[in-house]
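The values are calculated or read from the model by the stated rules, or taken from the named source; none is laboratory data. Predicted, not measured: the structure shown is a model, and the values here were computed from it. Counting neighbours? That spans all protein chains shown, and the Cβs are built from the backbone with ideal geometry, glycine included.
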Amino acid sequence: METDVGGRADWLPRRLLVTRSSMGFEHGRSIVARAEARGVEVVPLSGDRLALDLPDDPRRAYAIAKSTLALVVASPSKRRLQPIAPSADWRVDLAEGCPAHCSYCYLAGSLKGPPITRVYANLDEILAGLPPYLGAGGVTSKDRHRMHEGTTFEASCYTDPLVLEPITGSLSAVIAWFGQWEAPAQLRFTSKFANVAPLLDIAHHGRTRMRASINPAMFARFEGGTAPVAARLAGLRRMALAGYPVGLTIAPIIAATGWREAYGRLLADAAAALAEVPDLDLTIELITHRFTAGSKAVLDSWYPGSSLDMGLSGRTTKRTKFGSEKQVYDAATMRDLRGFFAERIASALPLARVLYWT
Ligand code: SF4
């Protein structure tokens with residue numbers, strides 16, 4: 001069995017539910033073959049409806065859903081790309097859902113229903129839909145500091161594509177596809193996992209940027225089922241040595257007691273992990289912790305014992321352009337955090353480009 005650089009075995013689902021239509025696609029059939037080769041129980045469904053059959057007990061229902069993978073076909077509406085500020089011009093989904101157990105996971109507010117992971121069988125159709133979006137981006141393409149990245153496509157909005165890679169092969173296929181796409185375009189993904197071995201030898205031609213999503217060790221208890229941060233950084237180093245542009249997604253930044261020391265150490269660890277990489281192309285994205293009433297309700301039900309602070313003290317309400325409200329840190333806390341990161345990044349990682357703070 002393959003392992004990540006931290007020695008952890010790859011994640012495998014307990015069962016793979018296979019919708020009927022998904023078997024009409026070569027990529028779908030290859031996912032089934034991979035699952036069977038790894039001893040995963042494959043459950044063919046007679047149609048395309050996912051019959052989940054979950055128990056009433058919410059704890060057990062959560063556990064069963066999180067260990068279930070479903071092979072489905074992305075509908076035309078799912079294949080219509082949406083802008084995804086501030087990360088990228090467009091969001092491209094290879095899957096929806098993630099098997100890890102992070103007590104601040106943003107998916108809790110975005111995806112409805114039981115937290116199973118759906119992977120898409122019609123990857124060729126998804127990729128065939130991308131060229132019309134070239135040059136039509138309004139996020140990074142409109143930003144004079146980022147225009148040189150070309151039209152950007154973000155693959156980790158609704159999933160962590162790296163954790164699914166051993167069972168799907170989707171991420172490798174998409175990196176290879178971007179590698180042969182002779183166009184000013186870039187695929188982007190971020191991950192809390194570390195097994196990059198399947199990606200190292202792909203002819204990526206610099207058109208994919210991997211970022212490691214990292215947080216200090218003191219918050220590891222909020223990131224159940226993910227790879228240790230040191231392993232994520234070691235994986236990122238291997239990607240950089242394989243010629244990929246790389247990045248750090250520091251997220252979510254949590255202003256808990258001791259945050260200065262913790263984030264200072266994290267930046268020092270990142271600098272050590274990326275030391276002496278020739279021609280290092282490194283970006284940093286900084287995302288502070290936020291939540292909505294909806295995501296908090298879902299997360300409270302999934303992780304009732306979590307000590308993650310989602311109280312209203314030290315918070316302020318921010319209205320999104322879609323009219324919904326989210327709780328972000330108040331102005332004084334934001335100022336402290338932002339000033340700290342600007343100063344520490346300048347000293348620990350002076351060659352890094354900070355893409356955004358939010
Ligand atoms: S790894 Fe990312 S997508 Fe997966 S549960 Fe954690 S925060 Fe959510």
### Query
Restricting attention to the stretch 1-54, which residues are buried (at least 16 other Cβ atoms within 10 Å of the Cβ), at pLDDT below 95 and small (G, A, S)?
G6
### Query
Where in the stretch 169-271 are the strands (runs of 3 or more DSSP E), entirely inside, with at least 3 residues that are aromatic (F, W, Y) and buried (at least 16 other Cβ atoms within 10 Å of the Cβ)?
none
### Number of positions in the stretch 201-226 that are more than 16 Å from the ligand (Cβ to nearest atom) and either charged (D, E, K, R) or under 27 Å from Q180 (Cβ atoms) (or both)
9
### Task
Could you list all residues from the stretch 95-135 that are among the small types (G, A, S), in a helix (DSSP H, G or I), within 16 Å of the ligand (Cβ to nearest atom) and surrounded by fewer than 22 Cβ atoms within 10 Å (Cβ to Cβ)?
G109, S110
### Task
Mind listing whichever residues of the stretch 67-86 are among the polar types (S, T, N, Q) and either surrounded by 23 or more Cβ atoms within 10 Å (Cβ to Cβ) or touching a His at 6+ places or on another chain (Cβ under 9 Å) (or both)?
T68
### Query
When both residues are 6+ apart or on different chains and their Cβ atoms are under 7 Å apart, which pairs have a first residue that lies in the stretch 334-350 and is modelled with pLDDT of 95 or more and buried (at least 16 other Cβ atoms within 10 Å of the Cβ), and a second that is aliphatic (A, V, I, L, M) and part of a helix (DSSP H, G or I)?
R344/L267; I345/L267; A348/L267; A348/A268; A348/A271; L349/L267; L349/A270; L349/A271
### Matching entry among G39, G47, G24, G28 (being small (G, A, S) and in contact with a strand residue (DSSP E or B) (Cβ under 6 Å, 6 or more places away or on another chain))
G28
### Message
Among the residues of the stretch 272-291, what is the count of those that are in contact (Cβ under 8 Å) with a residue 60 or more places away in the chain and buried (at least 19 other Cβ atoms within 10 Å of the Cβ)?
### Response
9
## Note on the structure
S77 vs (1) within 10 Å of the ligand (Cβ to nearest atom); (2) assigned to a helix (DSSP H, G or I); (3) hydroxyl-bearing (S, T, Y): all pass except (1)
